[in-house]
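Just so it is clear, none of the values below were taken in a lab; they were calculated from the coordinates. Since we're looking at a predicted model, the values are computed, not measured. Virtual Cβ from ideal backbone geometry, glycine too; neighbours counted across all protein chains shown.
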Amino acid sequence: MAERSLMLVLHDVAPETWPDYRPFVQAVDALGDIPISWLVVPDFHRRNRLEHHPEFCTMLDGRLARGDELVLHGCHHADEAPTPRSPRAWFMRRIFTHEGEFYPLDEAESTRRLQQGIELFARMQWPLHGFVAPAWLLGPGARRALAKTGLTYTSDPRHLYLLPDYTPIDAPGLVWSARSAWRRGMSRLLSEQMLTRHRQAPVLRLGLHPVDMRHDFSRHYWQDLLTRLLQDGRRPMTKIDWLNRHVLNSSAAA
């Protein structure tokens, strides 16, 4: 049987969300050598500028030393653009999410913010291969800007995409909406259905958010699911390690 992998991905990583994640990460570490992809926000909601939190950055240095991956996740993780004018834009920016930072930006502003994040990673001496937009939303200008960065990949809930051409790679992702009890219940049902549907998929992504950690029901589900997938023989890998092992090196060899 071909190797089946899993990716454990923590979204919205910032100094103020680290207390939410810390107990979960400790539980994951207790299970063994399980690498994590951390989606890091340079200045979460303009109140968490990473360089003002040296202890937090030192913690991330330690995660890299363990074999984890740090991924650029927006710049501020907040949609601060003017009020949307079209019904579709209103839905995407006011109903679907209020944090789709890179959805309304033009190419010039997207380039500026991407460069800020890339330069931050360079100053911190953190390797950088991927960018994931907040809420996975990239507008046309942001897509053009991201294609010019030299980064390796981006993603949405169903795919990884190789840059600069946005070549899609199937990578089903499980993600919860955990803001209310009924959403958590529905998320559990949908996750189990996806697991059944994608049981033999080469890779599964577990996309966790800070709000998931604030409720025992969702946090325990993710811990149990991770254990089940490991027992089922899935190999935990970071996004870039999986791409290097199964896509990029294979393409180069061909």
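Structural remarks
- Exposed loop sites are taken as GluC sites (Glu not before Pro) in a DSSP loop (any state but H, G, I, E or B) with at most 13 other beta carbon atoms within 10 Å; the longest stretch of the chain without one runs 81-254.
- Residue exposure sequence - His52, His159, His11 - by fewest surrounding Cβ within 10 Å: His52, His159, His11
- DSSP bridge pairs, region 5-253: antiparallel proportion in percent, nearest 5: 30 percent
- For the chain, taking Cα atoms only, Rg and Dmax work out to 17.6, 52 Å respectively.
- Packing-based exposure ordering (other Cβ within 10 Å, fewest first) of Trp126, Trp176: Trp126, Trp176
- Over the Cα atoms of region 143-207, the radius of gyration divided by the Kirkwood radius equals 1.10; this is the Rg/Rh ratio.
- Within the chain, helix-based [θ] at 222 nm, where runs of 4 or more DSSP H residues each add -39,500 (n - 2.57), nearest 500: -12000 deg cm²/dmol
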